[in-house]
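Working notes, beginning with the structure itself.
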Amino acid sequence: MHKNILHGDYTSYRTIKQLKLPFEFEYHISADDPVRLVDTFVEEMDLSDLYKTYSRIRKNQATPAQLLKIVLYAAMNNIYSSRKIESACKRDINFMFLLEGAPAPDHATIARFIAIHLNACPRRIMSEMDKILYHLGEISARDIFIDGTKIESMANKYTFVWKRAVTKNLAKLMDKVLVLVKDCEDNYGLRVVHNNQVSLHTLKRMRKKLYKIKDDAGIAFVHGIGKRKTAIQKSIELTEQYIGKLKEYVAKLHKCGSRNSYSKTDEDATFMRMKEDAMLNGQLKPAYNLQHGVDSEYIVWAEIFHNPTDTNTLIPFLDSMAKHLRFPYRNIVADAGYESEENYRFIELNGQVAYIKPNNYEISKTRKYKKDIGRRENMSYNAKSDCYTCHNGRVLTKQNVQSRKTKAGYNREITIYSGDCTGCHFKGFCIKGNNCKTPIEERNKVLHVSKYMEEQRQACLMRLTSPFGTQLRMNRSIQVEGSFANIKEDMGLRRYSRRGKENVLTESIIVALAYNISRFDRRVKAGRTGLHLYDLKQQPDFIIYTVII
């Protein structure tokens, strides 16, 4: 054996073999391989926004379009690590086919492409994918199915910051600050409080005056065992400590914003209750709320939110979709988690039709719900006199109308109905709330009703129970929930590999684009192209046989 093998030259001992045709990798790739679809889809996209993120593009290196191809094809094969993508570009002929003879990019180039260049325009690239599918007749541009799921972030589990705890600690700190300021004013003759208000600026001014007193007196700070600190040194050190803590608490509350928590290692992640609970104790984990808009089994839009629930995500999701897509959707189909008066109003003003399942849709079919005499739905309503009649025949009349503002800033108009329940034997079954301080004998039944909400709920319920609405409900369960099942189980997106909301959105869109190409490939091979909605199963007709004995 030749000794050059010890120096990394593994070709020195290889027997000389004749090169054989073909030299092109394309001849080894079948005509229906999905890698050809990736190449076709990316070549049809307008990537001008992606190319604008580069100041210059080097020759004899992979172009932005080629980098996008290999990133999408890697996601189709459950490869998300930049080092594994680099290795695949050197070994896999499908990746070499996408590079078109260009040298394999290193892992740093791939990571930089995703974090900087692709991160600058992920929504534009997704809209280009939707445009291609629309021209192919693969999406209807009429019915959009919306749902969300929680995916764990890359943050550590126990790095939580709770807004409620910070607010509580801040209140305790301010009590200590008031005591310190009062002591300093009494002991050193300072006047730093104006209009009976103490803030961070007050502490800074007091610190400046304390240092001036220390310098004028020529006092030197001492530290260590056996040294006794002066009163001015103790006051200055305590002031510095309180200033640092106050800055910390204010910064944490600013980062929380409208959220109740965030993670120290991923400040955009919010702690949420996950379905994947390994410890079986309902533990909260840092996660993101991923929203999908699905049409004809394709993910046409995706967004990332901090909200643990879906109610307040619908309006910004529809706004983002309308801003980037060139075709409007008419039918908005979603589950009960999206029902709210604000969402109904937004959809109506946009000229769209809501197919949102009511919150009480499932429970309203139970026997307990139907027999609950305290529920407004089980009372008779007289539209002429605008009043309700309870189980005992007593009338609840309109008292007044109130305007209430939600956390999102939406004003609701609430009508209040009440009646005289003195001596009613059904009070214990009708009036709820055992924690009320007023005795049950002195209480009357009160109803808080949003008429607009009830009108929209009833209209939406009629649409959902129609044959077309039933078909949309069935397809929502199949299509949008099926997309989450595929990206989690088949594509391995159980936990994000990047930090930050924008980086997480880019990763989600990469997975969505790869999912769409794979879905298109399967539909072509199965002969299901152009299918937008699954049909309802027809109930078999019952045939009655008469037996003559």
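Annotations
- Each residue in region 424-455 was checked for being farther than 17 Å from THR389 by Cβ, open to solvent by less than 90 Å² (accessible area, probe 1.4 Å) and out of contact with any Asp or Glu (no Cβ under 7 Å at 6 or more places or on another chain), and 8 of them qualify.
- In region 56-161, counting only helices (runs of 4 or more DSSP H) that sit wholly within it, the ones holding 2 or more residues that are among the hydrophobic types (A, V, I, L, M, F, W, C) and surrounded by 20 or more Cβ atoms within 10 Å (Cβ to Cβ) span 64-76, 82-91, 93-99, 122-135.
- Picking from residues in region 214-225 that are open to solvent by less than 80 Å² (accessible area, probe 1.4 Å) and in a helix (DSSP H, G or I), the one that is nearest to SER199 (Cα to Cα) is LYS214.
- Every pair of residues 6+ apart whose Cβ atoms lie under 9 Å, when the first sits in region 106-120 and is of a type in the set (Ser, Thr, Tyr) while the second is in a helix (DSSP H, G or I): THR109/LEU67; THR109/SER82; THR109/GLU86
- Number of residues in region 412-459 that are in a loop (DSSP other than H, G, I, E, B), free of Cβ contacts under 8 Å to residues at least 40 places away in the same chain and not polar (S, T, N, Q) equals 11.
- Output for region 68-88, where each listed residue is small (Gly, Ala, Ser) and on the phi > 0 side of the Ramachandran plot: none
- Selection of region 352-411 for residues being in contact (Cβ under 8 Å) with a residue 24 or more places away in the chain, in a strand (DSSP E or B) and among the hydroxyl-bearing types (Ser, Thr, Tyr) yields TYR355, TYR388.
- Of all residues in region 254-271, those that are more than 14 Å from VAL166 (Cβ to Cβ) have Cβ atoms under 8 Å from Cβ atoms of residues that are open to solvent by 10 Å² or more (accessible area, probe 1.4 Å) and among the small types (Gly, Ala, Ser), 6 or more apart or on another chain, in ASP266/GLY500; ASP268/GLY500.
- Identity of the residue in region 395-410, within 27 Å of the chain's Cα centre (by Cα) and loosely packed, with under 10 Cβ neighbours inside 10 Å, that ends up nearest to ASN444 (Cα to Cα): LYS405
- Extreme residue, most open to solvent (accessible area, probe 1.4 Å), among residues of region 193-213 that are farther than 17 Å from GLU237 by Cα and either in contact with a Ser or Thr (Cβ under 9 Å, 6 or more places away or on another chain) or among the small types (Gly, Ala, Ser) (or both): HIS194
- Filter result for ASN289 (surrounded by fewer than 18 Cβ atoms within 10 Å (Cβ to Cβ) and under 24 Å from ILE510 (Cβ atoms)): no
- The set of residues in region 175-192 that are open to solvent by 50 Å² or more (accessible area, probe 1.4 Å) and either under 20 Å from ALA251 (Cβ atoms) or part of a helix (DSSP H, G or I) (or both) comprises ASP175, LYS176, LEU178, VAL179, LYS182, ASP183, ASP186, ASN187, TYR188.
- Answer residue from region 305-320, given it is in contact (Cβ under 8 Å) with a residue 40 or more places away in the chain and touching a Ser or Thr at 6+ places or on another chain (Cβ under 6 Å) and is surrounded by the most Cβ atoms within 10 Å (Cβ to Cβ) among those: HIS306
- Residue list for region 321-351, restricted to those being open to solvent by less than 20 Å² (accessible area, probe 1.4 Å) and in a helix (DSSP H, G or I): MET321, TYR338, GLU341, ASN343, TYR344, ILE347
- In region 226-249, the qualifying residues are those that are closer than 14 Å to SER199 by Cα and loosely packed, with under 13 Cβ neighbours inside 10 Å, and the one that is nearest to the chain's Cα centre (by Cα) is LYS247.
- Residue match in region 494-502 (condition: in contact with a Pro (Cβ under 9 Å, 6 or more places away or on another chain) and either surrounded by 18 or more Cβ atoms within 10 Å (Cβ to Cβ) or not basic (Lys, Arg) (or both)): yes
- First in region 27-39 and touching a residue at least 40 places away in the same chain (Cβ under 8 Å) and loosely packed, with under 15 Cβ neighbours inside 10 Å, second anywhere and of a type in the set (A, V, I, L, M) and part of a helix (DSSP H, G or I), Cβ under 7 Å, 6 or more apart: HIS28/ILE93
The values are calculated or read from the model by the stated rules, or taken from the named source; none is laboratory data. It should be emphasised that the depicted structure is a prediction, and the values quoted were computed from it without experimental measurement. Every residue, glycine among them, receives a Cβ derived from its backbone with ideal geometry; neighbour counts consider all protein chains shown. Just so you know, the surface numbers come from the protein's heavy atoms only, side chains and all, with ligands and any DNA or RNA stripped out. Shrake-Rupley method; radii C 1.70, N 1.55, O 1.52, S 1.80 Å.
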